[in-house]
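Asks: A single structure is presented below for examination.
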Amino acid sequence: MAVKRTKIGYADYSGGDANFIIGCTPESPGCAHCYARAIYARQGREEVFSRPVFYEDKLRRLYKAKFEPGDQPFRRGPGARPLVFVVDMGDLFHMSVKDEWISKAHQVMSLRTDVDWLILTKRAQRMCDWTTARLPEGWPENIWIGASIENMTYALRRIHYVRWTKTRGPRWLSVEPMLESLPLPADLLRGIDWIVCGAESGNHRRPFSPLWALDLYDRCRAQGIAFFGKQDSGRFPGTPLLLRGKEIKEWPR
């Protein structure tokens, strides 16, 4: 299965062979309405959300994948490298994911220097520990390592590990779903290059205020951090998040 253009607003490709690991288990409140688990439940394959599965054949195909702009430029504009979100149906650093699987993923992504790769985890401590043990020189510049946070409790638990993970590429945070205001202090954000922010969608979405996102955006501006407003609260995904009357869609330089 080829890697396909994605509906995720800040990336160019996801899914298909980019999901060489599928599955996860709940880790924190942000997992309550997991879209990936809901998809697999509808398919009658919810068992992968008790123990992740590794597809090495997908990883081999990913190494040879072609990422063509098609009729439109990449999200970041003409001349930009394609931005590919990997393992968006799981967690690369889940405790059931073997070290050797992560190493194989790192090898493939490192060799494809024509692509920028997005990694997102809720297990930021394991990411940091694995990197320290296995990558003394850190992650290469074309692999963007990040953590998902949803409230202050998990921001305080995870952001430090993102900052401590050695890398030559951008460090990022996905604040989605944003479940409360995040008055993150400047020293906690030091070393973070990009923040994606979005509300929950669906019939059971939890409360969200655009003022929370606006405050986070102002903190990003003060720190020189790129900010991407992914979506406002709504029944369906993709409701524009307007801050002072406009959408903010930035990527790290």
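Asks: If you check residue 113 against the conditions, is it surrounded by fewer than 20 Cβ atoms within 10 Å (Cβ to Cβ), β-branched (Val, Ile, Thr) and at pLDDT 95 or above?
Replies: Considered against the rule, which asks whether it is surrounded by fewer than 20 Cβ atoms within 10 Å (Cβ to Cβ), β-branched (Val, Ile, Thr) and at pLDDT 95 or above, residue 113 comes out as yes.
Asks: Are there any pairs with C-beta distances below 8 angstrom linking a residue in the range 39-52 that is under 16 Å from residue 15 (Cα atoms) to a residue that is part of a loop (DSSP other than H, G, I, E, B), with the two at least 6 apart or on different chains, and if so which?
Replies: Once the first residue is under 16 Å from residue 15 (Cα atoms) and sits in the range 39-52, its partners that are part of a loop (DSSP other than H, G, I, E, B) give 39/89; 40/89; 52/24; 52/91; 52/94; 52/96; 52/97.
Asks: So which residues in the range 1-15 are closer than 21 Å to residue 80 by Cβ and of a type outside the set (Lys, Arg)?
Replies: Selection gives 2, 3, 6, 8, 9, 10, 11, 12, 13, 14, 15.
Asks: Oh, and also: Report, by residue number, each residue of the range 70-86 that is loosely packed, with under 12 Cβ neighbours inside 10 Å and either touching a Gly at 6+ places or on another chain (Cβ under 7 Å) or free of Cβ contacts under 8 Å to residues at least 40 places away in the same chain (or both).
Replies: Matches in the range 70-86: 71, 72, 77, 78, 79.
Asks: From the residues in the range 191-221 that are of a type in the set (Asp, Glu) and part of a helix (DSSP H, G or I), which one is nearest to residue 32 (Cα to Cα)?
Replies: Going through the qualifying residues, I end up with 215.
Asks: Looking only at the range 71-83, decide whether some residue is farther than 25 Å from residue 196 by Cβ, assigned to a helix (DSSP H, G or I) and out of contact with any Ser or Thr (no Cβ under 6 Å at 6 or more places or on another chain).
Replies: no
Asks: Related question: Which condition number in (1) crowded, with 20+ Cβ neighbours inside 10 Å; (2) among the aliphatic types (A, V, I, L, M); (3) over 23 Å from residue 58 (Cα atoms) is the one that residue 145 fails?
Replies: (3)
Asks: If only one of 184, 188 is hydrophobic (A, V, I, L, M, F, W, C), surrounded by fewer than 20 Cβ atoms within 10 Å (Cβ to Cβ) and either under 20 Å from residue 212 (Cα atoms) or touching a residue at least 60 places away in the same chain (Cβ under 8 Å) (or both), which one is it?
Replies: Residue meeting the stated conditions: 188.
Asks: Where residues in the range 222-253 are assigned to a loop (DSSP other than H, G, I, E, B) and among the charged types (D, E, K, R), which of them is modelled with the lowest pLDDT?
Replies: Here the answer is 253.
Asks: Being under 15 Å from residue 5 (Cβ atoms) and out of contact with any Pro (no Cβ under 6 Å at 6 or more places or on another chain) is the requirement here; does residue 79 meet it?
Replies: no
Asks: Only one of 149, 143, 102 is closer than 20 Å to residue 30 by Cα and in contact (Cβ under 8 Å) with a residue 24 or more places away in the chain. Can you tell me which?
Replies: Answer to the check: 149.
Asks: In addition: Only one residue in 9, 44, 30 is surrounded by 17 or more Cβ atoms within 10 Å (Cβ to Cβ) and outside any helix (DSSP H, G or I). Which one?
Replies: 9
The values are calculated or read from the model by the stated rules, or taken from the named source; none is laboratory data. Here the structure is a predicted model, which means the values were calculated and not measured. Reconstructed Cβ throughout: ideal geometry from the backbone, glycine too, with neighbour counts over all protein chains shown.
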